[in-house]
Amino acid sequence: MNDLELLREHGPDAPPVSSAALFSARHRLMAEMGPAAPARRQWGWRRASWALQHRRVGLGFAVAVVVTAAAGGSFALSEHRAPAGRPTGVQLVAFDAPVYPIGLRPRPAGLAAPTFSGGVARDEQGNDRQVMTAVFRATDGVSDVYLGVGDRYVPQDAPERIRSVSLQGVPGFVVEHDAQSGTSVVLSWQRRPGEWVTLTGHGRFGSEAAVRALAATVADDAQPVPLQVRLAPAGWRLSAFKDNKIVTLRAPDSVEELSVNLVGAPERDLMGLVSGAKRVSTVQVNGRVSDLVQTLNGWFLQVPLPDGTAFHLQAPAMLTGEQVVAVGTQVIVTPHGR
């Protein structure tokens, strides 16, 4: 099974999965995309004190189209300090959500609005780069389109399988894949100096003619990721985001993480579900009654949303409970259906 098949079966096109499975998917994605991390203490997405105890499901994930884009997570100078009497070495500052720079305009009939996934990967020179992929699912359930943009061409197959082409008078490359679920075609070209675009079509888009037609619709179109964290510890940067449902930030030169995950409905028994839970308190987040769980190693905040869904925010113990709530008030979930 190649990377395209793995992504279709276990990535954004897979059937809905549980919150615990999404947590597992995000951690495995970062393990594959990022550099080898130093030995972890017993906490984080893997640590027993954080992960939901029940419904743990393994979920593999591979990125078929890996492209570089401008790094997100710049910081403004506004600050949120801990209340008096609660010392902390952490200052909270404004955080910019990642923005995907291009789109399909007009979007072909039968394709839904895209979902976005990405994170930090290390290139051949040892430099960290932001990677992003937009996924357009089709209503027929078998066709889809992956769209990526980067500053250079990143080969996605063995050299002997890559064919040189010309698109709109500029150099490009085509790779065809045959799989049990059908043929897919990957077209990459230099849209402008320093900007390479990659299109992957599957199903009714799985031909060179189809991806060339899609290429004619690619246009500049800045699209913020729908799940946004707008307040974060100073100096922390975007680490990963997936399928419009997970966003993770990481401290510089550290394995400390802050993650937000959308879930289908609020969990009722947090003391029973969150391992290492010490106590649960009720807090207000933007006028909504929410649950703040203090654990052996940090915090777990559950905030219900007006549509019946909720988000979970996990943060390390270096933050105070008040700071965790402050971050929660600046988590924004925006409709995305353009």
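A 1.4 Å probe run over the range 157-248, with the rest of the protein chains in place, finds 40 Å² accessible per residue.
Using only the Cα atoms of the range 234-327, build the gyration tensor, take square roots of its eigenvalues as a ≥ b ≥ c, and label the shape rounded, prolate or oblate: rounded if a/c is under 1.5, else prolate if a/b is larger than b/c, else oblate. The shape class here is oblate.
For a modelled paramagnetic label at residue 113, 7 Å from Cα along Cα-to-Cβ, the residues of the range 194-227 in reach, with backbone nitrogen under 14 Å, are 222-227.
Normalised by the number of residues in the range 158-210, the mean separation of alpha-carbon contacts (under 8 Å, six or more apart) gives a relative contact order of 26 percent. State whether the range 122-164 is rounded, prolate or oblate according to the following rule on the C-alpha gyration tensor (a ≥ b ≥ c being the square roots of its eigenvalues): a/c under 1.5 gives rounded; otherwise a/b larger than b/c gives prolate, and the remaining case gives oblate. Cα axes put the range 122-164 in the oblate bin. Amide H contacts for residue 96 (H built 1.01 Å from N in the peptide plane; partners 5 or more residues away or on another chain; cut-off under 5 Å): 73, 74.
Given a Förster radius of 41 Å and the C-beta distance between residue 281 and residue 125 as r, what FRET efficiency does 1/(1 + (r/R0)^6) yield to the nearest 0.05? After rounding, the FRET efficiency stands at 0.30. Calculated FRET efficiency, residue 317 and residue 234, Cβ-Cβ r, R0 25 Å, to nearest 0.05? Efficiency, rounded to the nearest 0.05: 0.90. A Förster radius of 22 Å combined with the Cβ-Cβ distance from residue 217 to residue 151 puts the calculated FRET efficiency at roughly 0.50.
Among the trypsin sites (Lys or Arg not before Pro) in the range 141-218, those placed in a DSSP loop whose Cβ has at most 15 other Cβ atoms within 10 Å are 152. Taking a ≥ b ≥ c as the square roots of the Cα gyration tensor eigenvalues, the range 103-236 comes out oblate, since a/c reaches at least 1.5 and a/b does not exceed b/c. Using a probe radius of 1.4 angstrom, the carbon and sulfur fraction of the accessible surface of the range 141-288 is 50%.
The values are calculated or read from the model by the stated rules, or taken from the named source; none is laboratory data. From a predicted model like this one, the values you see are computed outputs, not experimental measurements. Counting neighbours? That spans all protein chains shown, and the Cβs are built from the backbone with ideal geometry, glycine included. These accessible areas exclude ligands, DNA and RNA; they are computed on the full protein's heavy atoms, side chains included. Shrake-Rupley method; radii C 1.70, N 1.55, O 1.52, S 1.80 Å.
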